[in-house]
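Rule-based calculations on the coordinates, nothing more; no lab input. As the structure is a computational prediction, the values presented were derived from the model and not from experiment. Heads up, the Cβs are rebuilt from the backbone with ideal geometry, glycines too, and the neighbour counts pull from every protein chain shown.
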């Protein structure tokens, strides 16, 4: 096990109760190809005693045929389970692993470093509270380092741990570590993440991963004035102690209704996972988009009624009045103003080989609501290497852009950074039913303005096509004079 506890032998029920109520931290590992992400996770699991004997025997045998560490056990094989991953020595799919310590439980998502699989990295980051971004000490900040840092920041991850790996290959040099820290801090000025830590490690040898390294005594000395790079903590210690409770939005009540539970005439409950805020009996709420108000009577769960429910809990609310609420509607605080619109501005990560084209009809899934819509306009595409913005007409695979989205019906609109659960969406191809994109809402656009602009844009396209068909010798300025 990851830790030894006398309660296992003395009072197993109390041990299980304490284990069940530990904090859970979801985090991802990311960075460039061959920076050591899978090896780091293998080292975390191995040194925290979370590898069973049969698993260790299996990867020991696999190391002889697929390993990259010579005669030693290749711990990366713990997470690189696909045959193609072992053959190429890279991570392709997102691999999830679980482990725990006395202080906290963890779910790790090992994400691919190759640019081709950036969409998989975004998938792993969507549910994470922290990102470990690995940097090879020999090469410093790379293109994928910037790309993954930007995507993690775009997805609202507030805690970044920059793990400078392979310090053994640069003779555990303090000067090299300081150089990489300065380089990353210059790039990080453009990020919104409020908590960035740095730790020098060697995942292969285990230095500063779970146990303190005797090879880098300078890391455990007092930090220099104004510097935050010398925390003096191992990577596991940082993961155990990072404060994530304040990351949750406990202010703005958001319950997207997933199901209306009507088992008999005397019970009507509205089921869903609480996305934000705190739900309590006696609280005044209103349904969106209908704006009808009522009071919460009960907060029901499988284990009984609650005095209060918090984000992430699956609950059923009963109200004092039977108002018309169906799947896809929201329950919010009665005194809160939430904009309703059929259009909004959003950052979109495109995840399909077929490019996104403005005007094409897609299916959108927002929280528990499914409806059709289109990307009306691409405001700009973001160069993830330089964070510069430039114009474009379509989005290719792995591209990220600020877009204007128009839907077929009005919905409540939340800023993603305020409430990720209700401020995010996925885009689905209507013919293949494949998820082709994911988005983070930034702000609403007035519904009437959106409709007018969309009609005008359609008229302009049709007029251009008509004129060019019948008057091919006309120039663009002649066509614009008609508009």
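Listed values, structure above:
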item: Segment 320-391, Rg to Rh (Cα coordinates; Rh as Kirkwood inverse mean 1/r); result: 1.08
item: 199, 257, 33 arranged by Cβ crowding within 10 Å, fewest neighbours leading; result: 33, 257, 199
item: Relative counts (whole %) of C-alpha pair distances in segment 241-377, using bins that are 5 Å wide; result: 2, 9, 17, 20, 16, 12, 10, 8, 4, 2, 0
item: Segments 153-163, 325-335 sorted - mean Cβ within 10 Å per residue, highest first; result: 153-163, 325-335
item: Inter-label distance, nm, simple model (7 Å from Cα along the C-beta direction), residue 183/residue 443; result: 3.7
item: Of all DSSP beta bridges in segment 144-279, antiparallel share, percent nearest 5; result: 45
item: Per-selection Kirkwood Rh - segment 151-218 (Cα, Å, 1 d.p.); result: 13.0
item: Relative contact order, percent, segment 273-346 [alpha-carbon distance under 8 Å, six or more residues apart]; result: 36
item: DSSP bridge pairs, segment 96-211: antiparallel proportion in percent, nearest 5; result: 30
item: Simple spin-label estimate for residue 336 and residue 98 in nanometres, 7 Å along Cα-Cβ; result: 3.0
item: Surface/4 of the Cα convex hull for segment 298-357, nm²; result: 7.8
item: Whole-angstrom Cα spans of segment 230-320 along principal axes, big to small; result: 61, 28, 21
item: Along each principal axis, Cα extent of segment 255-295, largest first, Å; result: 29, 22, 20
item: Cβ-derived FRET efficiency at R0 35 Å, residue 322 paired with residue 127, nearest 0.05; result: 0.50
item: Neighbour-count ranking [beta-carbon atoms within 10 angstrom, fewest first] of 218, 350; result: 218, 350
item: Residues 243, 297 arranged by fewest to most Cβ contacts within 10 Å; result: 243, 297
item: Segment 132-209, relative contact order in percent, only Cα pairs under 8 angstrom and at least six apart counted; result: 38
item: Label point distance in nm, residue 308-residue 267, each placed 7 Å from Cα along Cα→Cβ; result: 2.6
item: Coordinate range along principal axes, alpha carbons of segment 159-316, Å, largest first; result: 73, 32, 23
item: Amide N of segment 236-280 lying under 17 Å from the label point, which is placed 7 angstrom from the Cα of residue 194 along Cα→Cβ; result: 242-252, 277
item: P(r) of segment 123-187 over all Cα-Cα pairs, binned every 10 Å from zero, in whole percent; result: 21, 50, 24, 4
item: Förster radius 45 Å - calculated FRET efficiency between residue 301 and residue 353 (Cβ-Cβ, nearest 0.05); result: 0.55
